[in-house]
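Working notes, beginning with the structure itself.
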Amino acid sequence: MTKETLHFLSYLSILNEPIFVDGTLGLAGHSISLVVEKKESKIKVIGIDKDATALKIAEKKIKEAGLVENFVLVHDDFHNINDILDNLSVKKIDGMLLDLGVSSMQLDDKSRGFSFSNPEIALDMRMDQSQSKSAFTVVNTYNQKRLEDVLKNGEEWHFRKIAAAIVSSRKTGPIVTVGDLLKVINAATSKKYSKTHPGTDTFRALRLEVNDEISRLAKTINHIVQILAPGGRLAIITFHSLEDRIVKNIFKQLADPCTCPAQLPKCICGKTPKVKVLTKKPITPSSDEIKINPRSRSAKLRVIEKL
Ligand SMILES: C[S@@+](CC[C@H](N)C(=O)[O-])C[C@H]1O[C@@H](n2cnc3c(N)ncnc32)[C@H](O)[C@@H]1O
């Protein structure tokens with residue numbers, strides 16, 4: 001949704017050398033387009049990604065586009081945004097983008113274990129390959145209750161059966177590959193007959209746990225709003241209803257934090273709006289984009305502006 005996202009970021013072109021943070025740089029597609037389209041305003045992009053491989057490819061693309069001067073690349077987690085900006089002596093930012101989830105590069109790289117279409121691959125799913133927690137760790141070391149929680153939080157509705165089956169299977173040896181786990185899921189559920197791949201929900205739940213994708217999101221959005229300059233915008237693209245719900249609710253709270261009873265004629269709680277929501281309904285990709293890139297079909301873009 002590059003076109004739609006850039007539309008909401010077009011205000012950057014009236015600023016002089018605005019500071020823009022791309023918290024999920026990936027292969028820098030969005031940020032390169034933004035800098036090129038708004039060339040006259042000399043946007044400075046702080047590009048963050050926790051995947052060192054993605055950053056290397058992004059660096060090459062930025063060089064090829066002749067935009068090295070516009071970018072600072074940071075190998076880190078965007079949840080550490082305050083420390084990242086402190087290290088760069090940046091106090092306020094003019095805009096930020098979070099394009100959540102995994103990239104096509106990560107999904108297509110068989111060795112990363114994000115996709116269940118490669119049964120022989122080791123369970124991994126780490127975006128940051130320097131971290132120790134992988135899908136193998138979660139599946140083979142979490143106790144049954146913790147596994148149930150992980151699966152339930154990731155909206156795997158067969159969480160009890162699958163957690164029990166994983167723990168039982170571990171008695172005969174570790175669950176090592178994608179295929180090993182799929183066998184356990186298939187044996188534990190009747191998902192063979194469901195429309196989606198039987199591994200979809202469990203794999204998503206594991207990915208969210210391995211990469212800690214959900215738990216800190218609401219808190220981080222609050223931090224980002226504090227460091228946005230007035231008029232600055234935060235755009236977030238999600239690919240799953242779980243994340244979208246969090247984004248929608250926190251945006252709503254930030255825009256309307258008043259806790260006074262509805263019958264009071266005037267607010268007395270003193271909680272004033274911090275942002276304006278610019279997308280009353282989420283923006284979704286056009287049918288043309290879905291045709292070209294079917295993976296974009298569940299994408300949703302929401303944008304707020306700091307007051
Ligand atoms: C959907 S892709 C972004 C694609 C990017 N917008 C582009 O145009 O190429 C998501 C990227 O964000 C990274 N990522 C996801 N969560 C992250 C986090 N908490 N901190 C830093 N990077 C993260 C992933 O490693 C991945 O490269």
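Quick notes on this structure:
- Simple Cβ-charge dipole of the stretch 194-307, Lys/Arg +1 and Asp/Glu -1, about Cα centre, in debye nearest 20: 340 debye
- Taking only alpha carbon atoms, the stretch 112-210 gives an Rg to Rh ratio of 0.92, where Rh is the Kirkwood radius.
- When the alpha carbon coordinates of the stretch 68-135 are projected onto the principal axes, the ranges are 47, 23, 20 Å, largest first.
- Only one residue of 79, 25, 129 has its Cα farthest out toward the positive end of the dipole of the chain, where Lys and Arg carry +1 and Asp and Glu -1 on Cβ, and that residue is 79.
- Cut-off under 5 Å, modelled amide H: who pairs with residue 177 long-range: 123
- Taking amide H as placed 1.01 Å from N in the peptide plane, the amide H of residue 231 sits under 5 Å from that of 306, 307, each at least 5 places away or on another chain.
- Backbone geometry of the stretch 270-281 corresponds, through the Karplus equation with coefficients 6.51, -1.76 and 1.60 at θ = phi - 60°, to 3J(HN,Hα) couplings of x, 8, 9, x, 9, 9, 10, 7, 8, 10, 4, 10 Hz, x marking Gly and Pro.
- Computed from phi, the 3J(HN,Hα) profile of the stretch 212-223 under the Karplus parametrisation 6.51, -1.76, 1.60 (θ = phi - 60°) reads 6, 7, 10, 4, 9, 4, 4, 5, 5, 4, 4, 4 Hz, with x in place of Gly and Pro.
- Size of the stretch 232-307 as Cα extents on the principal axes (Å, biggest first): 51, 24, 16
- Local electrostatic count at residue 42 - Lys and Arg +1, Asp and Glu -1, tallied over other residues with Cβ under 15 Å: -2
- Distance histogram for the stretch 1-132 (every C-alpha pair counted, 10 angstrom bins, percent rounded to whole numbers): 12, 41, 32, 12, 3, 0
- Exposure proxy ranking for 99, 108, based on other Cβ atoms within 10 angstrom of each Cβ and starting from the fewest, stands as 108, 99.
- Debye log10 I(q)/I(0) at q = 0.11 Å⁻¹ for the chain, Cα point scatterers: -0.74
- The alpha carbons of the stretch 182-247 stretch over 54, 21, 12 Å along the principal axes, in descending order.
Coordinate-derived values only; no laboratory data. Treat the numbers as computed from the prediction; the structure is a model and nothing was measured. As a convention, Cβ positions derive from the backbone with ideal geometry for all residues, glycine included, and neighbour counts pool all protein chains shown.
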